[in-house]
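Have a look at the structure below before the remarks.
The values are calculated or read from the model by the stated rules, or taken from the named source; none is laboratory data. Here the structure is a predicted model, which is why all the values come from computation and not from measurement. We place every Cβ from the backbone using ideal geometry, glycine too, and count neighbours over all the protein chains shown.
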Amino acid sequence: MKKTKIRNLYYGTAAFFILLFLALHVHTLIVLPQRDHRENITPLVAQGKLVWEENNCIGCHTLLGEGSYYAPELGNVYKRFHNSRAAIKGFLQSRPKTGVPGRRNMPQFNLSDKDLDAITAFLKWTSEIDTANWPPNIQG
Ligand code: HEC
């Protein structure tokens, strides 16, 4: 091949992939707001995110596949608890202080009623994000 041909091939391919990258980037910017339904982030959901952070839930759990693998994935826990915030709340309230012998335990956090409302609202909102079925299995 001639030198000019090789140069054109180099610039042509580079330009093609830069344009492809830009197009995919724009596509992401358009699609993301629809997928994460951010219009539903109420003050209660935001408060729930804070409860999530302050209690380091991610130190044991994954959320949408990110986090620690000690305890179950929680991005889908709202659905696994039959779409019931009350059921999640009941679970969190009912953790025994001393744990269940012979089991990996979920600690008792003694969250206030307001914090329980907030964390369950946050977990509900998270479960409704369109993640294109990520994580691929129920355990995260
Ligand atoms: C020290 C580790 C640890 C931390 C921190 C922790 N969890 Fe857990 N959690 C567990 C374990 C282990 C389980 C599973 C065993 C069980 O059912 O008790 C669990 C189970 C759960 C479940 C039920 C999941 C299911 O599929 O049955 C929910 C909901 C939950 N945790 C929420 C939370 C929230 C919210 C926080 C933060 C406030 C949190 N966890 C912090 C260890 C932890």
Margin query: Checking the condition more than 9 Å from the ligand (Cβ to nearest atom), closer than 21 Å to Pro135 by Cβ and in contact with a Ser or Thr (Cβ under 7 Å, 6 or more places away or on another chain), which residue from Thr28, Thr62 passes?
Written below: Thr62
Checklist line | Qualifying position, being touching a strand residue (DSSP E or B) at 6+ places or on another chain (Cβ under 8 Å) and under 13 Å from Lys124 (Cβ atoms), among Gly75, Gly48 | finding: Gly75
Checklist line | First in the stretch 1-21 and without any contact (Cβ under 8 Å) to a residue 60 or more places away in the chain, second anywhere and exposed (fewer than 10 other Cβ atoms within 10 Å of the Cβ), Cβ under 8 Å, 6 or more apart | finding: Leu9/Met1
Next item on the list: State yes or no: is Thr13 modelled with pLDDT of 95 or more, more than 9 Å from the ligand (Cβ to nearest atom), among the hydroxyl-bearing types (Ser, Thr, Tyr) and loosely packed, with under 13 Cβ neighbours inside 10 Å?
Entry: yes
Next item on the list: Taking Ile88 as the residue in question, decide whether it is touching a Ser or Thr at 6+ places or on another chain (Cβ under 7 Å), of a type in the set (Val, Ile, Thr) and over 30 Å from Thr28 (Cβ atoms).
Entry: yes
Margin query: Condition first: within 11 Å of the ligand (Cβ to nearest atom), within 27 Å of Trp134 (Cβ to Cβ) and either surrounded by 13 or more Cβ atoms within 10 Å (Cβ to Cβ) or within 18 Å of the chain's Cα centre (by Cα) (or both). Can you find one or more residues in the stretch 31-48 that meet it?
Written below: yes
